[in-house]
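Values quoted throughout were computed directly from the atomic coordinates according to the rules given, and no laboratory measurement underlies them. If you're wondering where the values come from, they're calculated on a predicted model, not measured in any experiment. All Cβ positions, glycine included, derive from the backbone under ideal geometry; neighbour counts span all protein chains shown.
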Amino acid sequence: MRPFTYASASTVEEALAGAGADSAYLAGGTTLVDLMKLEVMSPAAVLNIDTLPLRDIRHDHTGLHVGALARMSDVAAHRLVTARYPVISQALLHSASPQLRNMASIGGNVLQRTRCGYFRDPATACNKRTPGSGCAAITGYNRAHAVLGTSESCVATHPSDLAVALVALDASVLLRDRAGERAVRLADFYLLPGDTPHLENRLRPGELLAGVTVPPLSWARRSTYVKVRDRRPYEFALTSVAAAVDLRGDTIADVRLAAGGVGTKPWRLPAVEDALRSRPLRADTVKAAVTHAADDATPLSHNGFKPELLRRTIVRALLTLAGRP
Amino acid sequence: MEDSTESEVSRRGFLARSAAVSAAVTVAGGAVPAGATTPVAAPPGAGPVEVTLRVNGGTHRLRVDPRATLLDTLRERLELTGTKKGCDRGQCGACTVHVDGRRVLSCLTLAASVPNRPVTTIEGLADGDRPHPMQQAFVDCDALQCGFCTPGQVMSAVAVVREGHTGSDEEIREFMSGNLCRCAAYPTIVAAVKQGGGR
Ligand SMILES: Cc1cc2nc3c(=O)[nH]c(=O)nc-3n(C[C@H](O)[C@H](O)[C@H](O)COP(=O)(O)OP(=O)(O)OC[C@H]3O[C@@H](n4cnc5c(N)ncnc54)[C@H](O)[C@@H]3O)c2cc1C
Ligand code: SF4
Ligand code: FES
Ligand code: FES
């Protein structure tokens, strides 16, 4: 680990005043400390924001509000979340391990870095870690990599499960700097790699992610998160799907779908949503609707199974919701 | 018992002293120590920071490098070597301790980031000579082979009971999944969690 200066902020103002060009905020540390050990991230200054008063979880007429420093475990277990947005709770409970969920914050979760093995290994070429050095994954081992939104420069997935649920629910992140606060839809917050894969999102240097807002969606009570992985607990997704349906009788009045493990960012599936509206929620109609779910996919040498696995994961998620009250 | 404790302590002490001596010799000889990386200019002000750690009821005022993890600080500075370093990357659970009564990974926690917060390690579970019921359950159920993962397993198991996740074997397995066991003692670990949790 490279040396850094360490300080702790007790107010948001103090945090914003203390942040500099080469500083990193420390929340739960489960990404930052890991990547500092690997010397993939080497900030000159670490500013601990863990004790900032940004941990509340509340619901009002504008939706669900979660402070950036609320813990994954606390959000997953909160009754507002389990009752109104089960997909968020399930995405969190399918993430990492109980110890990590006790440490990791919601803000840190949406800002976590890719798990691409080459990104984590400074001895290899990686445009995301070292711009212009190349991409070892494209010609290397890429079974877990993305098939949607990829470029010649980078094919890494965004690993957050929570972000997939949040994109399905049209959530926004609240970003604060010395000038004020702005809200950005999470779907627009993440950037496609293009030829600048080191730029992952719209967070400005020194800007603080203050919280997440999920707009009201009464029918999100009927929602779920299905995650397919190599071992059942404690593993990142090969594919995952966040789904919510507004069911009238057996007809799909409205639906939200987003996928993880397949895209360079959490992947909303508007074409499949369109194909499902006004159709009955039945195996045959769902299977027909997902046929074109991955038409834009460009599989790599080791992940040709992902488009079909994605289609099947969507079907599984939707049929899981069919039987629910 | 007295004797074996005594010899353990002096063995560790001996190893530490001889490491210090050989390091001194190497430096005196002008050789570059093995494994040294290119020196990096530290940013101004990157020196040690003061932190007060509250571990197993005791208070320790320390000057630590900001890079020091809670795991290394427990083991190297406070000589609490019950907490194990498996992966040092947040992947195995061997370093599990409780901070504020919740289980966390000490290998991804900076020591400087937990000032004055109560920390419990495996050494803090027993009541004097009486093992914690979960420790006893691990012994009774033979829930270990080499024992390297065991302190982390026990710390997680105590937390699983406190969190109320012992409803079924499946639930126990799910909520113990952050603790890997290279010897695969999993079936007896599940049995121990049940016994230790009074189920
Ligand atoms: C072994 C392992 C398995 C995992 N499995 C999964 C999984 O299955 N699914 C999943 O989704 N995740 C998984 N994770 C990732 C984990 O969820 C993230 O590491 C965690 O959510 C990051 O949160 P944190 O609070 O620890 O962030 P930190 O490490 O503290 O911060 C992460 C980054 O965000 C910045 N940052 C943090 N908070 C803010 C803020 N409020 N404003 C501005 N910048 C900020 C930091 O500077 C840093 O760059 C796993 C991690 C590990 C180690
Ligand atoms: S896929 Fe992206 S993160 Fe992985 S090596 Fe290539 S450039 Fe780096
Ligand atoms: S040593 Fe901390 S999780 Fe492996
Ligand atoms: S008992 Fe050997 S690693 Fe678990």
### Message
If A:MET41 satisfies all but one of (1) surrounded by fewer than 20 Cβ atoms within 10 Å (Cβ to Cβ); (2) over 17 Å from B:ALA42 (Cα atoms); (3) within 21 Å of the chain's Cα centre (by Cα), what's the number of the condition it fails?
### Response
(2)
### Message
List the strands (runs of 3 or more DSSP E) inside segment A:1-79, counting only whole elements, that have at least 1 residues being more than 9 Å from chain B (Cβ to nearest Cβ).
### Response
A:23-26, A:45-48, A:57-60, A:63-67
### Task
Could you tell me which residue of segment B:141-163 is nearest to the chain's Cα centre (by Cα), considering only residues that are more than 10 Å from B:GLY196 (Cα to Cα), part of a helix (DSSP H, G or I) and away from ligand 1 (no atom under 16 Å from the Cβ)?
B:PRO151
### Query
Do we have any residue at all in segment B:62-75 that's near ligand 3 (Cβ under 10 Å from one of its atoms) and in a loop (DSSP other than H, G, I, E, B)?
no
### Summary
Residue pairs within 9 Å by beta carbon, gap of at least six or interchain, first lying in segment B:41-63 and within 15 Å of B:VAL114 (Cβ to Cβ) and without any contact (Cβ under 8 Å) to a residue 24 or more places away in the chain, second surrounded by 16 or more Cβ atoms within 10 Å (Cβ to Cβ) and charged (D, E, K, R), listed first then second, are B:HIS60/B:ARG54
### Enumeration of residues in segment A:246-287 that are crowded, with 24+ Cβ neighbours inside 10 Å and either closer than 15 Å to A:VAL87 by Cα or in contact with a Cys (Cβ under 9 Å, 6 or more places away or on another chain) (or both)
A:VAL255, A:LEU257, A:ALA258, A:ALA259, A:GLY260, A:THR264, A:PRO266
### Message
Kindly evaluate A:PRO216 against the criterion of being in a loop (DSSP other than H, G, I, E, B), away from ligand 2 (no atom under 16 Å from the Cβ), more than 14 Å from chain B (Cβ to nearest Cβ) and touching a Ser or Thr at 6+ places or on another chain (Cβ under 8 Å).
### Response
yes
### Task
Out of the residues in segment B:95-135 that are charged (D, E, K, R) and surrounded by fewer than 22 Cβ atoms within 10 Å (Cβ to Cβ), state the one that is nearest to ligand 4 (Cβ to nearest atom).
B:GLU123
### Query
Do you know which residues across segment B:175-187 are surrounded by fewer than 19 Cβ atoms within 10 Å (Cβ to Cβ) and away from ligand 3 (no atom under 16 Å from the Cβ)?
B:ALA184, B:TYR186, B:PRO187
